[in-house]
Amino acid sequence: WKSGRAKLLMTAKLLEVRSQHGGLFLKGSYEPLRVSGEHAEHVAAYMRRYEGLVLIVVASRWLAKLSAGESERLQPQIWADTRVELPASALPEQTNTLSCCLSGRRFELERGADGASSITASRAFADLPAAVFCVGTRSQG
């Protein structure tokens, strides 16, 4: 992160997603997502929906405060039980994994008895301080 290359990579990937799914960004709904757990205040999350596409954005914040200024403390276990909760209507029922548009990593979802899913902050931030997931097949220009 210190060299700025990670920020450039994230920006390039996000611009690519935006160009592929313009309608999602221009006309899609904005829905804040619930974050729970010990460090919930250090996570911002929302989703956008438009014509069968769902975009989920999860971003860490106030990392210096969370890590007490020691970046080596930013290991996955620091997030403890913190998770982003996805409403049951957010994803198709058969969706068990999400692929991050930024890192390419696949993430297993956890499903509750009510059908709602969640993703842990420790998984979402394993590679980068943010994760973006795009679910659906319809491309918007």
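Given the peptides 88-95, 32-39, arrange them by the average over their residues of other C-beta atoms within 10 Å, most packed first. Before the final figure, lay out each step's value.
Values: 88-95: 12.4, 32-39: 15.1.
Ranked from most to least packed, the peptides come out as 32-39, 88-95.
Can you tell me the length gained on complete extension of the stretch Thr11 to Asp114, counting 0.36 nm per residue apart and subtracting the Cα distance? Intermediate values should be presented prior to the final figure.
Values: separation 103, 0.36 × 103 = 37.08 nm, distance 3.56 nm.
Result: 33.5 nm gained on full extension.
Which ³J(HN,Hα) values in Hz, rounded to whole numbers, follow from the phi angles of the stretch 50-61 under the Karplus curve 6.51 cos²θ - 1.76 cosθ + 1.60, where θ = phi - 60° and Gly and Pro get x?
Using θ = phi - 60°, the values come out as 6, 6, x, 9, 10, 10, 10, 10, 10, 10, 7, 8 Hz.
Using the Karplus curve 6.51 cos²θ - 1.76 cosθ + 1.60 with θ = phi - 60°, what ³J(HN,Hα) values do you get for each residue of the stretch 122-130, in whole Hz, with x for Gly and Pro?
4, 6, 4, 9, 5, 10, 9, x, 8
Could you check the spin-label model distance between Glu31 and Ser99? Points 7 Å from the Cα along Cα→Cβ, value in nm.
2.3
What is the set of long-range amide H partners of Cys101 at a cut-off below 5 Å, with H atoms built 1.01 Å from backbone N?
Val132, Phe133, Cys134
For the stretch 1-49, what % of the accessible area comes from carbon and sulfur atoms, probe 1.4 Å?
Roughly 56 percent of what the probe reaches on the stretch 1-49 is carbon or sulfur.
The values are calculated or read from the model by the stated rules, or taken from the named source; none is laboratory data. Note that the structure is predicted; figures quoted are calculated from it, not measured. Positions of Cβ are generated from backbone atoms using ideal geometry, with glycine treated the same way; all protein chains shown enter the neighbour counts. Note: areas computed on protein heavy atoms with side chains; ligands, DNA, RNA excluded. Shrake-Rupley method; radii C 1.70, N 1.55, O 1.52, S 1.80 Å.
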